[in-house]
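Colleague: One structure coming up, written as structure tokens, with questions to follow.
The values are calculated or read from the model by the stated rules, or taken from the named source; none is laboratory data. Quick caveat: nothing in here was measured; it's all calculated off a predicted structure. Here the Cβ is made from the backbone with ideal geometry for all residues, glycine too, and neighbour counts use every protein chain on show.
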Amino acid sequence: MNKELDDIYRLYAADVYRYIWGLCRNEALAEDILQDTMLKAVTGFDKFRGDSSVKTWLFGIAKNLYLNCVKRADNNNLPLDEAVNAAGESIEEQLCNSDQAMYIHRLLHRLDEPYKEVFNLRVFAELKFDDIGGIFGKSGNWARVTFFRAKEKILDIMKCEEENV
């Protein structure tokens, strides 16, 4: 069993980290959530039903842990000038990241449909996958796969641009 868990960590840790970092844009927080995700996976592996891939299961754990961080941050009720998001960034730091947001938007517009639309509906409109699938007359799983492929395409474009710099 330990070898299987080591294999899971080796195979999926980098992907889970990138997913978490995409949510929070904070290296330290992403590393903490990654470690918590793997710990939950190790201690709760017997609860894995096999309804999805191991990677999807790990992403679900990571997302729930991230959302718990966001809820804790929301419960702080700090004044606006002291407000900090779950990633530990102040309002000023978040505004500085608008360059990164614009970069992502520019990359997004280079995608073909339906990838661009599914990504927008999921990230910016915060729709559920089933709702997105319904808009296109498809299933929620279709929306999940399309969203995943859109993210992969964006990462590929980013990687190509980094190599050309």
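Colleague: Tell me which residues, restricted to the range 16-36, are assigned to a helix (DSSP H, G or I), farther than 22 Å from Val145 by Cβ and touching a residue at least 12 places away in the same chain (Cβ under 8 Å).
Modeller: Cys24, Ala28, Leu29, Ala30, Glu31, Ile33, Leu34, Asp36
Colleague: Residue pairs, Cβ under 9 Å, 6 or more apart or interchain, first in the range 45-68 and in contact (Cβ under 8 Å) with a residue 12 or more places away in the chain, second crowded, with 16+ Cβ neighbours inside 10 Å and not in a helix (DSSP H, G or I). List them.
Modeller: Tyr66/Ala86
Colleague: Which count do you get for residues in the range 104-116 that are acidic (Asp, Glu) and touching a helix residue (DSSP H, G or I) at 6+ places or on another chain (Cβ under 8 Å)?
Modeller: 0
Colleague: Tally the residues that are closer than 18 Å to Ile20 by Cα and either surrounded by 18 or more Cβ atoms within 10 Å (Cβ to Cβ) or of a type in the set (Val, Ile, Thr) (or both), restricting the search to the range 153-165.
Modeller: Selection size over the range 153-165: 2.
Colleague: If you don't mind, there's one more thing I want to ask. For Leu67, only one of the following conditions fails: (1) touching a Ser or Thr at 6+ places or on another chain (Cβ under 8 Å); (2) at pLDDT 80 or above. What is its number?
Modeller: (1)
Colleague: Let me ask you something else. Taking the range 108-152 as the search range and keeping residues that are among the aliphatic types (A, V, I, L, M) and surrounded by fewer than 17 Cβ atoms within 10 Å (Cβ to Cβ), which one is farthest from Tyr19 (Cα to Cα)?
Modeller: Applying the filter and picking the extreme gives Ile135.
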